[in-house]
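Structure first, then comments.
Derivation of every value follows stated rules applied to the coordinates shown; laboratory data play no part. Just so it is clear, the structure is predicted and the values come from calculations on it, not from any experiment. FYI the Cβ positions are ideal-geometry reconstructions off the backbone, even for glycines, and counts take in every protein chain you see.
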Amino acid sequence: MTRGAAFAEAPLVVNGWSIYAHPVFFDQLEGLIEEVEVRKVRDSKNWYKKNCTKRLAAIFKLANWAIPAEPSAPAFRHGDTRGDYRKHWFRAKFFQQCRLFYRINSDAKVLVLAW
């Protein structure tokens, strides 16, 4: 069974939203987790102060708390910056330069994280 198939069978459910993730999201997340683990071994006293650790914590907070609390909140909408044909995408901003993009289906209460 592939990783994608396993997650399709049992999605994470938060606030009634079934949360799925694109394979690219998992690849990026795994890379970030590995980077944090290397930092933790290399610098056991200050690893939690590193940018990669803070990014990982921010992504988990967004994916497990902030976005599922109200995925269609105005703060997550693009407005007209991306054009009408991309208004179905939402984005969560974190730090100054980072964005986590996702889509939702309100009827089915499904949320898909893209990256």
In terms of modelled amide H atoms, which long-range or inter-chain residues lie less than 5 Å from the amide H of residue 12?
19
For the chain, give the share of DSSP beta bridges that are antiparallel, in percent and rounded to the nearest 5; count only bridges with both residues there.
75
Distance in nm between residue 75 and residue 61 label points, each 7 Å along Cα→Cβ, equals 1.0
Taking only Cα atoms, what is the 0 to 90° angle, nearest 10, from helix 51-61's long axis to the longest principal axis of the chain?
40
Rounding to the nearest 20 debye, state how big the charge dipole of the chain is about its Cα centre with +1 on each Lys and Arg Cβ and -1 on each Asp and Glu Cβ.
520
So what are the radius of gyration and Dmax for the Cα set of the chain, in Å?
15.5, 48
Quick one: helix 23-42 against the long Cα principal axis of the chain, what's the angle to the nearest 10°, folded into 0 to 90?
20
